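Each remark here refers to the structure printed beneath this line.
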Amino acid sequence: MNRLRQIISEDIGGKIENIGFNEDWAITLEMFPGVNIHLAYTYFGDEFGEGITAEFKCYFSGEMVVAVPGEDSITYVDIVFDFIERIIKNKEPFEKSYDRTTDMMKKVLEQRYEPFSLLEEEDQKSLASFLGAKVWSTESGWRIKKEVFPGIFIELTYSKQDELKIGYSGEYLPAKVGSYHMEFLGVFLINHILRYITLNNLDKELPEICYIMFSRYFTKKKNWKHKLT
């Protein structure tokens, strides 16, 4: 258990606690401020005679958690489980093409470029708080850097005259998170930026891509169904 606590704290950046659902223990992670994920472990032995002795259940909390689509948060959970398993088994990631921008990521960057033009100078502090990241306003646009796991970073650069670019860095990156999973984490970050832009520009006619960044529950609550493709 001490080894697991060390992994969760030092490698994952979470904590082990009790969340009150009769679990033996739970891992709590912050995907973004106000978007918390709880992985609750319960051991019950083979009481049903099916060879299943324990289970993990996922719970979610935070004021912004309802805005994030389930596919984003569950894929994040899958990445975390893979991360933990590899650390325990002392295995490094298979994919390490961090400097290569895949066709999927090129499409993501192209599709999500336009809404960034709505960011204003006064958004700097509130965007940083919304993302749990560092945000700089530059002469040509924006620079956003988020620590997704301890010592592992995603950096976005937006240029008004050029394009949206993404990069990954960190001393521990090659040993801990593969480039395939880093791409997904990068997509989640970009998606959350678009949520910020959308929620702070509700008086404007926004690009269609903005409205599909949210969960179906949230879009229904906001009566955005007519804006979805």
For the condition outside the structural domain of Met64 (by TED's automatic domain parsing) and surrounded by fewer than 20 Cβ atoms within 10 Å (Cβ to Cβ), what is the one hit in Thr138, Thr198? Thr138
Every residue in the stretch 110-163 that is among the aliphatic types (A, V, I, L, M) and touching a Gly at 6+ places or on another chain (Cβ under 9 Å), please. Leu119, Val148, Ile152, Ile154, Leu156
Would you mind telling me which numbered condition in (1) within 17 Å of Leu189 (Cα to Cα); (2) among the polar types (S, T, N, Q); (3) within 18 Å of the chain's Cα centre (by Cα) Thr101 fails? (3)
Lys145 vs. criteria crowded, with 17+ Cβ neighbours inside 10 Å and either of a type in the set (A, V, I, L, M) or not in a loop (DSSP other than H, G, I, E, B) (or both): yes
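With the structure loaded, tell me whether His192 is of a type outside the set (Phe, Trp, Tyr) and either at pLDDT below 95 or assigned to a loop (DSSP other than H, G, I, E, B) (or both) or whether it fails that test.
It is false that His192 is of a type outside the set (Phe, Trp, Tyr) and either at pLDDT below 95 or assigned to a loop (DSSP other than H, G, I, E, B) (or both).
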Residues (farther than 20 Å from Ser169 by Cα and among the aromatic types (Phe, Trp, Tyr)) located in the stretch 76-128: Phe81, Tyr113, Phe116
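Out of Glu183, Glu205, report the one residue that is closer than 22 Å to Asp82 by Cα and among the acidic types (Asp, Glu).
Details: Glu205 fails: closer than 22 Å to Asp82 by Cα.
Glu183 is the lone residue from the list that is closer than 22 Å to Asp82 by Cα and among the acidic types (Asp, Glu).
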Please determine whether any residue of the stretch 209-225 is in a loop (DSSP other than H, G, I, E, B) and charged (D, E, K, R). yes
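The values are calculated or read from the model by the stated rules, or taken from the named source; none is laboratory data. Everything numeric here is computed off the predicted structure, so don't read it as measured data. We place every Cβ from the backbone using ideal geometry, glycine too, and count neighbours over all the protein chains shown.
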